[in-house]
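*Asks:* Encoded as structure tokens, here's the structure I'll be asking about.
The values are calculated or read from the model by the stated rules, or taken from the named source; none is laboratory data. Given the structure is predicted, the values throughout are model-derived calculations rather than measurements. The protein model used for the area step is the full one, side chains on, heavy atoms only, and it has no ligands, DNA or RNA in it. Shrake-Rupley method; radii C 1.70, N 1.55, O 1.52, S 1.80 Å.
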Amino acid sequence: MDMMAMVSTMLAAQQGALQSNIAATLTKQNMDMEKSTVLTLLGAGQQAPSLANVGAGIGGNLNIAA
């Protein structure tokens, strides 16, 4: 095997490794985004808003029959 063929083979291997790393990174980002979307749709992680600093009668039931 001549020198140029070896260099070409090594560069091709490096390029393949780089593409694999990029694909793995993008796949992980997509999975994280999908997880976040599902959790948002399910309402996980949401906490009830604190009503400690609001006035009297705020946050109670609303009578919509009137």
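*Asks:* Which of (1) of a type outside the set (Phe, Trp, Tyr); (2) open to solvent by less than 100 Å² (accessible area, probe 1.4 Å); (3) at pLDDT 95 or above does ALA48 not meet, given it meets every other one?
*Replies:* Condition (3) is where ALA48 drops out.
*Asks:* Condition test on GLN14, is it modelled with pLDDT of 70 or more and either open to solvent by 100 Å² or more (accessible area, probe 1.4 Å) or aromatic (Phe, Trp, Tyr) (or both)?
*Replies:* Answer is yes for this residue.
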